[in-house]
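Each remark here refers to the structure printed beneath this line.
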Amino acid sequence: MPEEIYMTVDQREDGALQLGINASDVGYRIAGPKYDGSSKTLIRHKLTRFDVEVIRSYLRRVQRQ
């Protein structure tokens, strides 16, 4: 079974928001301040094949620049 990948929006204790992409044990912060251990996940979305295709279409546009 393939590993599940999630996009998350987290909020630190100071109110700052973070956008990340996460697997079971590792993640990457896309936007927002560094994670400091105080974050609470507000939204967690499991990526689907459709999501991946849409994201790839945006990334192809960036590659052409």
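Could you tell me which numbered condition D51 fails, if it satisfies all but one of (1) surrounded by fewer than 10 Cβ atoms within 10 Å (Cβ to Cβ); (2) in a helix (DSSP H, G or I); (3) not polar (S, T, N, Q)?
The number of the failed condition is (1).
Would you confirm whether or not the range 20-41 contains a residue that is in a loop (DSSP other than H, G, I, E, B), surrounded by fewer than 10 Cβ atoms within 10 Å (Cβ to Cβ) and in contact (Cβ under 8 Å) with a residue 12 or more places away in the chain?
Yes; the residues of the range 20-41 include at least one that is in a loop (DSSP other than H, G, I, E, B), surrounded by fewer than 10 Cβ atoms within 10 Å (Cβ to Cβ) and in contact (Cβ under 8 Å) with a residue 12 or more places away in the chain.
Could you look through the range 1-38, keep only residues that are aromatic (F, W, Y) and at pLDDT below 95, and pick out the one that is farthest from the chain's Cα centre (by Cα)? Talk me through it step by step, then tell me what you get.
Restricting attention to the range 1-38, the residues satisfying the condition of being aromatic (F, W, Y) are 6, 28, 35.
When the remaining residues are screened for being at pLDDT below 95, the result is 28, 35.
Numbers: Y28: 7, Y35: 13 Å.
For the range 1-38, the residue satisfying everything is Y35.
The values are calculated or read from the model by the stated rules, or taken from the named source; none is laboratory data. Everything numeric in this text was worked out from a predicted model, so none of it was measured. Every residue, glycine among them, receives a Cβ derived from its backbone with ideal geometry; neighbour counts consider all protein chains shown.
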